[in-house]
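Read the structure below first, then the notes.
The values are calculated or read from the model by the stated rules, or taken from the named source; none is laboratory data. These figures come from a predicted structure and were not determined experimentally. Heads up, the Cβs are rebuilt from the backbone with ideal geometry, glycines too, and the neighbour counts pull from every protein chain shown.
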Amino acid sequence: MKKMSKYKGPISYRNWRAALEEKPSTIVYEYPLFTDSHITGEIVGGYGPYQFLNTIPIFRPIVAPSIVLRVSNHMPVEEVTKVEMNKTDALHYHGGELCDEIAALLSLNLGIRFKAGDLTREFRINSDPKGHPYHYFSGRNPTLNYSSHGQILPYSKGSRCINDAKLLMNLPSLKPHDATALIKAARLYQDSIWISESEPALAWLLLVSSVETAAGHWRKKKESPVERLKAFNTELVEVLAHSGGESLIETVANAISDVIGSTKKFIDFLIEHLPPPPETRPALFIQHPWDVEVFKESFKAIYTWRSNALHSGISFPLPMCEPPMKFENCFAEKPFGLAAGAKGAVWVAKDTPMLLHLFEYIVRNSLIKWWNSLNLN
């Protein structure tokens, strides 16, 4: 059996590349994409093997299948089925399928909630040209819960035009490993904003993980393992040099390159890709200063809460998980007051630097800036 390449790329990427190589399509699938936003427009061409058909749900419940994703499958059967089964290989695994990858990229591109539902229809060669309905996987269709205390992410609803998802068009031009990192980060972002209204503390964790995924890939391309080790601990490099020279330094650097300097990597990525401030901002006393040095301290505090949540069971502070207060049609960017207490805990203002909706704005636009840069490499 032919060994599969380590960097084939995610399935949605590989399918688009196969279409560009004019490999024939043997089957077409349709999946509903659910959202709580009002979607306008429709895409029937220009996106390779993918079309986005508007269902026009006039009377929408909380979440509706507003878009049908039509997928023309160009993947050769042998490429999908011939895999080695003698060792674990989860390099591309993110817990989803092709439809989930496309939904995640749409979610990141447009800044709204999108989730894929069950397969609903197939079109096969030499079969009924109108297709055939299917319901293979019962119970996959997503649900969405809201808090009764107000919206955590007030800007994530409203109306969006599907035709504005133009970044998606550059997917097939990326390198395979870049496409893999992008979709993993997008999947974490997608999950974060989907649960933000019901589980904001978990949404914080997923947003941080999304940044870490992108930052890890970005840092690998920016610095060699040895350079990363030197930045992380110069004394350790000196000890290694004395004990075994450059070869030992390289061996150790390669072995631990993915785990060193996590906080710095997280902060550096966000500072490097920091977007401009939102167009509409609240009064100064509830603004987060748009200053690099202040942001460094804020991002450090956020990463500390991430570590506390993962390693000590200490959840993200409640003040950072509350719906933002609204003043003169603008939403507060940080918790109000000098300190806050709840459920037996107390947090001073410097340790709760911003609200979730502001961090989501920073994360999404940082990831988009990084996404754009991938196409330039």
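What the table shows:
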| item | result |
| --- | --- |
| Qualifying position, being at pLDDT 90 or above, in the same structural domain as GLY96 (by TED's automatic domain parsing) and either of a type in the set (Ser, Thr, Tyr) or touching a strand residue (DSSP E or B) at 6+ places or on another chain (Cβ under 8 Å) (or both), among THR213, THR180 | THR180 |
| Options GLU328, GLU333: the member that is at pLDDT 95 or above and either over 22 Å from the mean Cα position of the chain (by Cα) or under 21 Å from LYS296 (Cα atoms) (or both) | GLU333 |
| Every residue from the range 324-370 that is among the basic types (Lys, Arg) and not in a helix (DSSP H, G or I) | LYS326, LYS334, LYS343 |
| Scan of the range 152-207 for residues that are in contact with a Lys or Arg (Cβ under 7 Å, 6 or more places away or on another chain), among the aliphatic types (A, V, I, L, M) and more than 19 Å from PHE34 (Cβ to Cβ), ordered by number | LEU205 |
| Candidates ILE102, ILE112, ILE125, filtered to the one that is of a type in the set (Val, Ile, Thr), touching a strand residue (DSSP E or B) at 6+ places or on another chain (Cβ under 8 Å) and exposed (fewer than 12 other Cβ atoms within 10 Å of the Cβ) | ILE125 |
| Long-range neighbours under 6 Å by Cβ, at least six apart or interchain, first residue closer than 17 Å to GLN287 by Cα within the range 334-345, second small (Gly, Ala, Ser) | LEU338/ALA349 |
| Only one of LEU358, LEU284 that is crowded, with 21+ Cβ neighbours inside 10 Å and farther than 21 Å from TRP218 by Cα | LEU358 |
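Residues are listed down the side, and each one gets a yes or a no for (1) in contact with a Phe, Trp or Tyr (Cβ under 9 Å, 6 or more places away or on another chain); (2) closer than 24 Å to LEU182 by Cα; (3) not aliphatic (A, V, I, L, M):
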residue: VAL28; (1), (2), (3): yes, no, no
residue: PHE34; (1), (2), (3): yes, yes, yes
residue: GLN51; (1), (2), (3): no, yes, yes
residue: ALA64; (1), (2), (3): yes, no, no
residue: VAL71; (1), (2), (3): yes, yes, no
residue: ILE102; (1), (2), (3): yes, yes, no
residue: ALA116; (1), (2), (3): yes, yes, no
